[in-house]
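J.: Quick one: the structure is below, questions incoming.
The values are calculated or read from the model by the stated rules, or taken from the named source; none is laboratory data. Keep in mind that what you see is a predicted model, and the values were worked out from it rather than measured. So basically every Cβ, Gly included, is an ideal-geometry build from the backbone, and we count neighbours across all protein chains shown. Only protein heavy atoms, including side chains, enter the accessible area calculation; ligands, DNA and RNA are left aside. Shrake-Rupley method; radii C 1.70, N 1.55, O 1.52, S 1.80 Å.
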Amino acid sequence: MWSSSFLASPKLTLLPSSSSSSSSPAHPKIQTLLCFTQNPSSTVGINVSKRHLNISILTLLFNGGFLLDKAKSISESGDHLQRYTDSKDGFTLLVPSSWIKVEKAGANVLFEEPEKRSNNIGVVVSPVRIKSLQDFGSPQFVADKLINAEKRKESTKEAEVVSVGERSGQGHVYEFEYKIDSTRGGIKRVFSAAFVSSKKLYLLNVVHSDNPENPLDYSTRLLLEQVLHSFDALLLT
């Protein structure tokens, strides 16, 4: 899981980009309400506008309740995140405060959950010849390389990509989520991120058990996704 050999030979595959934008008048029903209230005899516009406002209020209440539940689930997990920065290798990320930093060959840094050490967060930094991960290929191309590397392991029974994405950081960051069924620890959920900076490949793996009898719960997933999204290169000064 800590190998970066899949990036051994660069392949120039440019990622196509697309953008779309749309614009529309804001709250046309509210404008109707303001117009019709000046005429007491006109009630149709008022009724439609009130209905629109009621729907909007209900939507806000629903979304607000969802966000509160989301925050509550994180707080109930009994853990919070703290910033870890490696100034020598030039990367930073958030890690759960209760997880323990340990030494492991092949990993530049590794954190393990005290209660179950197979749940871990690790970073590998390796020199490469490319200047950007986009020079190597698209997010899907890199995801395929990652999953094929996992499938070649003798311990792997099954592996599948769940999602592929990308985001902007100090550089361009690819993000992946995949599941592995292994003879070593059963089914695991892996959140992975990769970027290239200063001719070095940075690879993050966040590994957590996800067996059917004890699946990954909602609050823990949110916590691990925050770790994934926090992984980035240090700002050069």
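J.: Does Ser209 satisfy the criteria of being modelled with pLDDT of 95 or more and either of a type outside the set (A, V, I, L, M, F, W, C) or open to solvent by less than 10 Å² (accessible area, probe 1.4 Å) (or both)? Write out each step before concluding.
T.: Working: modelled with pLDDT of 95 or more: yes; either of a type outside the set (A, V, I, L, M, F, W, C) or open to solvent by less than 10 Å² (accessible area, probe 1.4 Å) (or both): yes.
Answer is yes for this residue.
J.: Arg117: over 15 Å from Ala193 (Cα atoms) and either in a strand (DSSP E or B) or at pLDDT 95 or above (or both), yes or no? Walk me through how you get there before you give the answer.
T.: On the way: over 15 Å from Ala193 (Cα atoms): yes; either in a strand (DSSP E or B) or at pLDDT 95 or above (or both): no.
The answer is no for Arg117.
J.: Could you check segment 122-137 and list, in sequence order, the residues that are touching a Pro at 6+ places or on another chain (Cβ under 8 Å) and either open to solvent by less than 20 Å² (accessible area, probe 1.4 Å) or assigned to a loop (DSSP other than H, G, I, E, B) (or both)? Walk me through it before giving the result.
T.: Our first condition is that a residue be touching a Pro at 6+ places or on another chain (Cβ under 8 Å); within segment 122-137, this holds for 128-130, 135-136.
The answer is Val128, Arg129, Ile130, Phe136.
Residues are listed down the side, and each one gets a yes or a no for (1) in a strand (DSSP E or B); (2) open to solvent by 50 Å² or more (accessible area, probe 1.4 Å); (3) at pLDDT 95 or above:
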| position | (1), (2), (3) |
| --- | --- |
| Val142 | no, no, no |
| Val162 | yes, yes, yes |
| Arg167 | yes, no, yes |
| Tyr174 | yes, no, yes |
| Glu177 | yes, no, yes |
| Ile180 | yes, no, yes |
| Val190 | yes, no, yes |
| Leu224 | no, no, yes |
| Val227 | no, no, yes |
